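The structure's right below; bear with me while I get my questions together.
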Amino acid sequence: MDTQYGGWIVFQKRFDGSVNFTRYWSEYQDGFGEMTGEFWLGNEILLHLTAENRWSLRVDLKDDQGEYHTLQAMDFGISGNKYTLTHGGSFQFDPVPPYLNMRNFSTYDMDNDEDTNVNCAAELNGGWWLGTCNGNSDASNGLNGEYQQGPDDQGIMWVGWEGHRIVKCEMKLRRF
């Protein structure tokens, strides 16, 4: 997906489900996939990149109806050994979900979410910044979740987009 003004570092890309995002904590730390295909750059890289300077987060999404959506936030950062995500709120386009702020990264083998009864990352089938797995289900809001391959349900689920799935997404950051 083309991004105006350039200078963005893509750290997550999905478009066809060819790469399994149900991964160990260590794989999310180090990154996986290929830059020419689907990939996760790595939490350690994100941690070190965002430790200095101020960064913007941009998330470009394409749904199964061919519509594009963009979420953008200022003051994006990753901190600590649980790769806690912080952002200063949205300022353009669709809002970045506020529940992502101050969430720890979780995987199925490293449960850092706020739900003491369930490992939300195991339910999501992918690593993500998760809170609880209640009725609104953060576990249905992870862009690293299972990429459905069925004829009627291709793509990634996103709560609030009932009847639509995300078929393509890129997460990126840029200094500001």
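Hey, among the residues in region 58-91 that are hydrophobic (A, V, I, L, M, F, W, C) and free of Cβ contacts under 8 Å to residues at least 24 places away in the same chain, which one's farthest from ASN43 (Cα to Cα)?
Top of the filtered list is PHE91.
If the requirement is being assigned to a loop (DSSP other than H, G, I, E, B) and closer than 23 Å to ASN125 by Cα, which of these qualifies: ASN53, ASN20? Show your work before the answer.
Numbers: ASN53 fails: closer than 23 Å to ASN125 by Cα.
Going through ASN53, ASN20 in turn, the sole match is ASN20.
Of the numbered conditions (1) of a type in the set (Val, Ile, Thr); (2) outside any helix (DSSP H, G or I); (3) at pLDDT 90 or above, THR70 fails exactly one; give the number of that condition.
Exception for THR70: condition (3).
Go through ALA121, ALA139 for me and flag whichever is at pLDDT 85 or above, in contact with a Leu (Cβ under 7 Å, 6 or more places away or on another chain) and within 24 Å of LYS82 (Cα to Cα).
ALA121
Checking MET35 against (1) aliphatic (A, V, I, L, M); (2) assigned to a loop (DSSP other than H, G, I, E, B); (3) at pLDDT below 95, which test does it fail?
Result: MET35 fails condition (3) only.
So which of THR107, THR116 ends up being at pLDDT 90 or above and of a type in the set (S, T, N, Q)?
On the way: THR116 fails: at pLDDT 90 or above.
On inspection, the qualifying residue turns out to be THR107.
Which of the residues that make up region 54-86 are more than 25 Å from GLY7 (Cβ to Cβ) and basic (Lys, Arg)?
LYS82 - this is the single residue of region 54-86 that is more than 25 Å from GLY7 (Cβ to Cβ) and basic (Lys, Arg).
The values are calculated or read from the model by the stated rules, or taken from the named source; none is laboratory data. Treat the numbers as computed from the prediction; the structure is a model and nothing was measured. Please note: Cβ atoms are built from the backbone with ideal geometry, for glycine as well, and neighbour counts cover all protein chains shown.
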